[in-house]
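The values are calculated or read from the model by the stated rules, or taken from the named source; none is laboratory data. Everything numeric here is computed off the predicted structure, so don't read it as measured data. Methodologically, a virtual Cβ is constructed for each residue, glycine included, from the backbone with ideal geometry; neighbour enumeration extends over all protein chains shown. Keep in mind that these areas ignore ligands, DNA and RNA; they rest on the heavy atoms of the full protein, side chains included. Shrake-Rupley method; radii C 1.70, N 1.55, O 1.52, S 1.80 Å.
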Amino acid sequence: MITQVVQVPILVKDLEEAKQFYTETLGFVVREEIEFSPGWKYLTVSPAESNETQLELMKAETPEQNQMIGKQLIGSAALMFLSNDIETDYQEMKAKGVVFHGEPKLVPGGKGVGFEDLYGNAFDLFQLNIKEK
């Protein structure tokens, strides 16, 4: 029986640039960074050390992979990240230059807003059980 997702690949143009964005802009931590051979590096990040799901930042190597950057799930967010304070996270991320698709608004189950990484990969920021006052 499948019990959880542990790793999700995200295609990027440059590993160091992507690592900087995910750690410095989004506040993620590097979980693993291993260079197997020149030009082949394994790099994973996650929102926290305790988070079981990791993003594998993968450098696009082929023309086909390069065309997929920012389009891995056309028309939909690749992942949804939970927040315990969406308004504060939204303001802090926006101040750091993160591109958002609007402002946080009520959606089924809580409050959410879409955003992009530095390569146009689409994600959602979501806080559970927010109700209109």
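Observations
- Pairs where the first residue, in region 29-51, is over 22 Å from residue 82 (Cα atoms) and the second is open to solvent by 100 Å² or more (accessible area, probe 1.4 Å), C-beta under 6 Å, 6+ apart: 41/35
- Residues of region 97-112 satisfying the condition of being within 21 Å of residue 10 (Cα to Cα) and open to solvent by 70 Å² or more (accessible area, probe 1.4 Å): 99, 101
- Restricting region 52-68 to residues that are within 17 Å of residue 41 (Cβ to Cβ) and among the aliphatic types (A, V, I, L, M), the residue that is surrounded by the fewest Cβ atoms within 10 Å (Cβ to Cβ): 60
- Top-ranked residue in region 113-128 [being in a strand (DSSP E or B) and among the charged types (D, E, K, R); ranked as surrounded by the fewest Cβ atoms within 10 Å (Cβ to Cβ)]: 116
- Segments classed as helices (runs of 4 or more DSSP H), wholly inside region 8-112, with at least 1 members that are among the charged types (D, E, K, R) and under 15 Å from the mean Cα position of the chain (by Cα): 15-20, 86-95
- Residue list for region 22-61, filter: out of contact with any Lys or Arg (no Cβ under 8 Å at 6 or more places or on another chain), modelled with pLDDT of 95 or more and of a type in the set (Ser, Thr, Tyr): 22, 23, 42
- Hey, residue 76 open to solvent by 30 Å² or more (accessible area, probe 1.4 Å), among the small types (Gly, Ala, Ser) and in contact (Cβ under 8 Å) with a residue 24 or more places away in the chain or not: yes
- Across region 94-133, the qualifying residues are those that are farther than 16 Å from residue 18 by Cβ and aliphatic (A, V, I, L, M), and the one among them that is modelled with the lowest pLDDT is 130.
- Top-ranked residue of region 79-93 - restricted to ones that are closer than 21 Å to residue 20 by Cα and of a type in the set (D, E, K, R), ranked as surrounded by the most Cβ atoms within 10 Å (Cβ to Cβ): 89
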